[in-house]
Amino acid sequence: MQIYKLIPVFIIMSIFLGCSKLQKELPQPTSPGTVHNAAWNDTASADFHGKYLKAKNWKKDDCVQCHAVDFSGGTSRISCYDCHNSYPHKKGWIQSDNVFFHGVFLKNNNWDLMSCKICHGIGYDGGSITNVSCMTSGCHLDENQNKKSPEACNTCHGNFSSPENLVVSWAPPRGIDGSTDSTHRSVGAHQVHIATGKLGKNLKCGECHNVPANVFTNGHIDSDLPAEVVMNDTLSRLITANGTLIPNPSFNNSDLKCSNTYCHGNWKLRKAASTNQFGYADSIMVGANFSPKWVGGAVEAACGTCHALPPTGHIASSINACANCHSGVVNNAGVIIDKSKHINGKINVFGQEKWMN
Ligand code: HEC
Ligand code: HEC
Ligand code: HEC
Ligand code: HEC
Ligand code: HEC
Ligand code: HEC
Ligand code: HEC
């Protein structure tokens, strides 16, 4: 007998062996034409496909042969992504520079964290379903190795490795798109306003933004970039000139300039209302109402931009003399020595402090 005549027999035998292996491993068909057990898709059943895979330690080799290597359907014509659009996770899912990185997936899918909780648990700790926690070594832990929820305020923007309760770490650098350069609009002058600046009081996020109570608060991730800059709090809107100058601050998200903020000089004082009238050379004293550019760097807040030195309407003084009267704020070299007393909404003169109203 010629050996080639046995080829069909080999083929039939290998199909049979393959199928019997599959039938042993997978739940048995219940009716002709169905590959899987009727309960294969019943989450409550012991035969549920998720439980089957869990018992196999998530090894999906068995599925590949009919559902395709990329799980897009193959000969079964049923794609895993028909039902759970992120699972099986693609290669590159945990590499931050990969197109299939899970952060990129989430960004492209409206930050649908709820879809992850289904399998990873309400608290992202793995739950009872997958036991795969997001908060394990090398993943969502801060620099002190403390667990940090993926919903932490410095997960998607800000400094990822800082403790989640450190507010300054919530703001860029690291914008949503990963940018860290201060010439990028997402980063801009954040840190100088909230922490590292030498000129003025540290601001809270709420001076410029509506701060979400949690990641799902309305108006937060449900709106498209650019971010909303509303300046709704007290400082940038501080009313001066005895209630007559009401600043209407705004941020222009095309030229990236702030206008009409109290902070950058939209203020006025009246001599008639002052207890220190000798400080005035005119009936009013005003700031310079400058419009700084968010990404312009230090020149946007150079000495003299927000108010002249001294301000228009102020008695004459050299920059080295400001300290004689505005002691504790500035020194005789014209350097701000206590930033908590400058751009704080208050007149600081002769060691006293009162509201600029
Ligand atoms: C021998 C081929 C084959 C293998 C192996 C296979 N499947 Fe399927 N699967 C199918 C076919 C065909 C369907 C379409 C529905 C049917 O005929 O049962 C299907 C449907 C499904 C469905 C949808 C069921 C429904 O009720 O809508 C799920 C879920 C599924 N498969 C998961 C898996 C998983 C998980 C694995 C691996 C552990 C796997 N399959 C292995 C062929 C296969
Ligand atoms: C017909 C819909 C459907 C298809 C197709 C499907 N699944 Fe599922 N799968 C579910 C449902 C429903 C759950 C339960 C969790 C949920 O609600 O999303 C689930 C959960 C899982 C889980 C989580 C473990 C668990 O117990 O919940 C794994 C793992 C899983 N599926 C693997 C696969 C794989 C691999 C494929 C493709 C081969 C696949 N599934 C195709 C519907 C489907
Ligand atoms: C249908 C269930 C299911 C859903 C939905 C799901 N996961 Fe998973 N995930 C798993 C399972 C099971 C594993 C463990 C092994 C694996 O990848 O199969 C896992 C592993 C991971 C890992 C670790 C991967 C690795 O290689 O170590 C990350 C990160 C992850 N998931 C993130 C997410 C994110 C983010 C979402 C939401 C967009 C999500 N998962 C949705 C089931 C799921
Ligand atoms: C002085 C005003 C100001 C303060 C204070 C401020 N921001 Fe911003 N923020 C902005 C501006 C301006 C933008 C850029 C808007 C644009 O791109 O049009 C921005 C953008 C953002 C963005 C979007 C980043 C991106 O990728 O586009 C986030 C997130 C953000 N800020 C968070 C914070 C947090 C958190 C704080 C407090 C820790 C804070 N900001 C404090 C002015 C401010
Ligand atoms: C899942 C990712 C994610 C998490 C977690 C997250 N943010 Fe955001 N955040 C975004 C995105 C995306 C934007 C830009 C939205 C836009 O364009 O309005 C944003 C913008 C902001 C802004 C700028 C104002 C705005 O709404 O545009 C502030 C302030 C902010 N987030 C604060 C927070 C705080 C506080 C937390 C924690 C309670 C937090 N974020 C958690 C994704 C996230
Ligand atoms: C970003 C805008 C801005 C810049 C730049 C700025 N100032 Fe001011 N400055 C203000 C505002 C606003 C006030 C009004 C009082 C307040 O809120 O502290 C003020 C008030 C003062 C006062 C009065 C004392 C006080 O705080 O009440 C002195 C002195 C002063 N500035 C000096 C300087 C010097 C010196 C420089 C440069 C090193 C400078 N300023 C740069 C905004 C600015
Ligand atoms: C001789 C004392 C004196 C000197 C020197 C002086 N100031 Fe003043 N300054 C005053 C007085 C008085 C007021 C009015 C305060 C009031 O109305 O209560 C004033 C008001 C101001 C204000 C507005 C209110 C506030 O405190 O923020 C600014 C800004 C200011 N001075 C900046 C300067 C700068 C900059 C210099 C130096 C170039 C300077 N001053 C030098 C006495 C002085």
- Message: Tell me whether the range 176-192 contains one or more residues that are touching a Phe, Trp or Tyr at 6+ places or on another chain (Cβ under 7 Å), of a type outside the set (Phe, Trp, Tyr) and under 22 Å from THR217 (Cα atoms).
- Response: no
- Task: Note down all Cβ pairs under 6 Å where the first residue falls in the range 159-184 and is touching a residue at least 60 places away in the same chain (Cβ under 8 Å), the second is open to solvent by less than 60 Å² (accessible area, probe 1.4 Å) and of a type outside the set (Phe, Trp, Tyr), and they're at least six residues apart or on different chains.
- Result: ILE176/HIS157; THR183/VAL295
- Pick from the range 329-349 the residues that are in a loop (DSSP other than H, G, I, E, B) and in contact with a helix residue (DSSP H, G or I) (Cβ under 6 Å, 6 or more places away or on another chain): which of them is least open to solvent (accessible area, probe 1.4 Å)? VAL329
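The rows are residues; the columns are (1) on the phi > 0 side of the Ramachandran plot; (2) within 16 Å of ligand 4 (Cβ to nearest atom).
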site: THR261; (1), (2): no, yes
site: GLN277; (1), (2): no, no
site: ASP282; (1), (2): no, no
site: THR305; (1), (2): no, yes
site: LEU309; (1), (2): no, no
site: GLY328; (1), (2): yes, no
site: ASN331; (1), (2): no, no
site: SER340; (1), (2): no, yes
site: PHE350; (1), (2): yes, no
- Message: Looking at the range 181-191, can you tell me whether even one residue there is at pLDDT 95 or above, outside any loop (DSSP other than H, G, I, E, B) and crowded, with 18+ Cβ neighbours inside 10 Å?
- Response: yes
- Query: What helices (runs of 4 or more DSSP H) completely inside the range 55-155 contain at least 1 residues that are within 10 Å of ligand 3 (Cβ to nearest atom), under 30 Å from SER169 (Cβ atoms) and in contact (Cβ under 8 Å) with a residue 12 or more places away in the chain?
  - Reply: 102-108, 114-120
- Would you point out the residue of the range 77-97, among those that are open to solvent by less than 40 Å² (accessible area, probe 1.4 Å) and among the polar types (S, T, N, Q), that is farthest from ligand 4 (Cβ to nearest atom)? SER79
- Message: Going by what's in this entry, would SER169 be described as farther than 30 Å from ASN253 by Cβ, hydroxyl-bearing (Ser, Thr, Tyr) and surrounded by 15 or more Cβ atoms within 10 Å (Cβ to Cβ)?
- Response: no
- The one condition in (1) free of Cβ contacts under 8 Å to residues at least 12 places away in the same chain; (2) within 18 Å of LYS198 (Cβ to Cβ); (3) assigned to a strand (DSSP E or B) that LYS354 fails to fulfil: (2)
- Message: I'd like the full set of residues that are within 13 Å of ligand 5 (Cβ to nearest atom) and within 25 Å of ASP338 (Cβ to Cβ), limited to the range 170-198.
- Response: ALA171, HIS190, HIS193, ILE194
- Restricting attention to the range 192-230, the residues that are under 24 Å from LEU113 (Cβ atoms), open to solvent by less than 50 Å² (accessible area, probe 1.4 Å) and acidic (Asp, Glu) number exactly 0
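The values are calculated or read from the model by the stated rules, or taken from the named source; none is laboratory data. Keep in mind it's a predicted model, so treat the numbers as computed, not measured. Every residue, glycine among them, receives a Cβ derived from its backbone with ideal geometry; neighbour counts consider all protein chains shown. Calculation scope for accessible area: heavy atoms of the full protein, side chains included, ligands and nucleic acids excluded. Shrake-Rupley method; radii C 1.70, N 1.55, O 1.52, S 1.80 Å.
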